[in-house]
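Below is one structure, written out as structure tokens, with a few remarks after it.
The values are calculated or read from the model by the stated rules, or taken from the named source; none is laboratory data. Note that the structure is predicted; figures quoted are calculated from it, not measured. Methodologically, a virtual Cβ is constructed for each residue, glycine included, from the backbone with ideal geometry; neighbour enumeration extends over all protein chains shown.
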Amino acid sequence: MWKGRFAQDTDEAVVNFTQSLDLDWRMAAADIRGSIAHVRMLAHTGLLAKDEAAVIEKNLREIACEIKDNAFEPKISLEDVHMNIEARLTEKCGATGARLHMGRSRNDQVNTTVRLYLRSELLDIWQGLYSLIAALVKKAEEHKNKVVPGYTHLQQAQPISMGHFWMAHAQAFMRDARRLLAAYDAVDESPLGCGALAGSTLPLDREFTRADMGFSRITENSMDTVAHRDHFLDILYFAAVFGTHASRLCEDLIIYFTTEFGWVKLPDSFCTGSSIMPQKKNPDVLEIIRGKSGQLTGALVDLLTMVKGIPLTYNRDLQDDKRSLFRTLICLSGIFSVLPPLISKVDIDEERANRGFEDGLILATDVAEYLVLHGVPFRSAHEKVGHAVRWCIENKRPMDKLTLLEWQAIIPEIEEDLLPLLSPRRSMERRDTAGGASSHQVEIQIEHANKKLADFAHEFEEYAKRLPQM
Ligand code: ARG
């Protein structure tokens, strides 16, 4: 394409090293759609005769079919998807095809193509995230009365319900949904018409192409437009944070699935066995997801590092921006293919969970708060119950089974009415503060989550409606 300026052909090693076809060929349909918008605008502004524009659009559509039918063999020597399609167009309709690129640079073209491509990719990611959150909320409804130990420092802390546990993870993923919406919004602007870096001397109509491609707005500064990749960073940040959330969920389930904890039951169809140990049932799916979160964080660091030192505006470093982005999208859709169905099939063994309550010490805070309600200052209540805990451990007595006499020998303020409070279920249900562990509070959370989920779905549907016809 630049043969006019050069006296030598490009070295073959350079051709191979500088190509981006391996990355951008998958965006061929989006690239063609961007070119159609451009050509329509050229006709609209009178820069191109209407009949010539019609010929170009028709030929572009034919090329799209060739690609779909695998009848288009792109050449690495043409560097990327953009040049391959343009070369094919000129091959098909000669001088008319050669007019397509007026008023356009690959710098704004690449940008346009990726944004067109990403919008529908992000809508798919949303579908995956939606199904994950929906699966968690459904499990929460199913398990809101199943009492299990809650942990801090992985040490037993206070009783919760498994419903509260599922909703805790659902909350994290709902924050991710908000980040995904923000990333979509960042992608949803039209760069076409910014040219190489400074706009054009031709009377381009950027608003026309924006509307044709269904973007929300046009970008405001041509230099910034071709130089930045913030919209990619937004996606990668969403994905990295999502990855940490998914990893933590998986880690919890892996722990609860061990023989030592043992109250989470994973479906056979989502576990794998061992080639040597016949007894094994391993949570490999969860482990792989936990591992993949490293890739997701790595992708964010990769792009942040790439962009931090490049001068305005476009530099070729940016060509590789899509490498970790596309890997990220593939990684996310892999996670979404297994995690929501796995969650839907998780079962609980409440009896096993209750074995964890055998020493009754998980109820210690309840006793301290009982004393507070009987006028004891919290610090001395804490100390008194601390002594009781020590007494129980030394005398091998479960705290929830002490008689009134035993209690009163350690803490004289305690009366008969403490005893019926000392069960894990009662304890869980009495934590009825807003956002607390009681089944009533979990029901409120579930209701909010369903509403939020519907609101998110609505926002994404509105976005989907604005995607252009091919
Ligand atoms: N293949 C390149 C890319 O994907 C095209 C960039 C063209 N711009 C340039 N100034 N060389 O980014």
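Points worth noting:
- Residue count for the stretch 277-306, restricted to those that are surrounded by fewer than 16 Cβ atoms within 10 Å (Cβ to Cβ) and within 19 Å of residue 258 (Cβ to Cβ): 10.
So that you can scan it fast, the table gives a plain yes or no per residue for (1) at pLDDT 95 or above; (2) away from the ligand (no atom under 16 Å from the Cβ); (3) of a type in the set (D, E, K, R):
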| position | (1), (2), (3) |
| --- | --- |
| 319 | yes, no, no |
| 326 | yes, no, no |
| 333 | yes, yes, no |
| 338 | yes, yes, no |
| 343 | yes, yes, no |
| 346 | yes, yes, no |
| 349 | yes, yes, yes |
| 359 | yes, yes, yes |
| 363 | yes, yes, no |
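- Restricting attention to the stretch 430-454, the residues being of a type outside the set (D, E, K, R) and in a loop (DSSP other than H, G, I, E, B) number 6.
- Residue pairs whose Cβ atoms lie under 7 Å apart, sitting 6 or more positions apart in sequence or on different chains, and linking a residue in the stretch 426-437 that is touching a residue at least 12 places away in the same chain (Cβ under 8 Å) to a partner that is assigned to a helix (DSSP H, G or I) and acidic (Asp, Glu), are 427/366.
- For the stretch 102-124, the count of residues that are among the aromatic types (Phe, Trp, Tyr) and either surrounded by 21 or more Cβ atoms within 10 Å (Cβ to Cβ) or within 17 Å of residue 197 (Cβ to Cβ) (or both) is nonzero.
- Which numbered condition residue 309 misses (of (1) in a helix (DSSP H, G or I); (2) surrounded by fewer than 15 Cβ atoms within 10 Å (Cβ to Cβ); (3) more than 16 Å from the ligand (Cβ to nearest atom)): (1)
- Any hit, the stretch 286-301, residues being more than 16 Å from the ligand (Cβ to nearest atom), among the charged types (D, E, K, R), out of contact with any strand residue (DSSP E or B) (no Cβ under 9 Å at 6 or more places or on another chain) and assigned to a loop (DSSP other than H, G, I, E, B): no
- Checked across the stretch 400-412, the condition of being of a type in the set (Lys, Arg) and more than 25 Å from residue 355 (Cα to Cα) holds for no residue.
- Taken residue by residue, the stretch 257-264 has at least one member that is under 27 Å from the mean Cα position of the chain (by Cα), farther than 27 Å from residue 187 by Cβ and surrounded by 14 or more Cβ atoms within 10 Å (Cβ to Cβ).
- Where a residue in the stretch 358-383 is charged (D, E, K, R) and its partner, wherever it lies, is in a loop (DSSP other than H, G, I, E, B), with Cβ under 6 Å and at least six apart: 359/398
- Residue among 67, 56 that is in contact (Cβ under 8 Å) with a residue 12 or more places away in the chain, away from the ligand (no atom under 16 Å from the Cβ), crowded, with 22+ Cβ neighbours inside 10 Å and not in a loop (DSSP other than H, G, I, E, B): 56
- Residue tally, condition within 16 Å of the ligand (Cβ to nearest atom), in a helix (DSSP H, G or I) and either under 17 Å from residue 26 (Cβ atoms) or of a type in the set (S, T, N, Q) (or both), over the stretch 70-105: 8
- Here the condition is being of a type in the set (Phe, Trp, Tyr) and touching a strand residue (DSSP E or B) at 6+ places or on another chain (Cβ under 7 Å); of 130, 151, it holds for 151 alone.
- Residue match in the stretch 265-274 (condition: more than 30 Å from residue 150 (Cβ to Cβ) and either assigned to a loop (DSSP other than H, G, I, E, B) or away from the ligand (no atom under 16 Å from the Cβ) (or both)): yes
- Residue satisfying all of: in the stretch 394-416; touching a residue at least 24 places away in the same chain (Cβ under 8 Å) and assigned to a helix (DSSP H, G or I); farthest from the chain's Cα centre (by Cα) among these: 410
- Taking the stretch 12-42 as the range and being away from the ligand (no atom under 16 Å from the Cβ) and either modelled with pLDDT under 95 or among the small types (Gly, Ala, Ser) (or both) as the test, the residues that pass are 12, 13, 29, 37.
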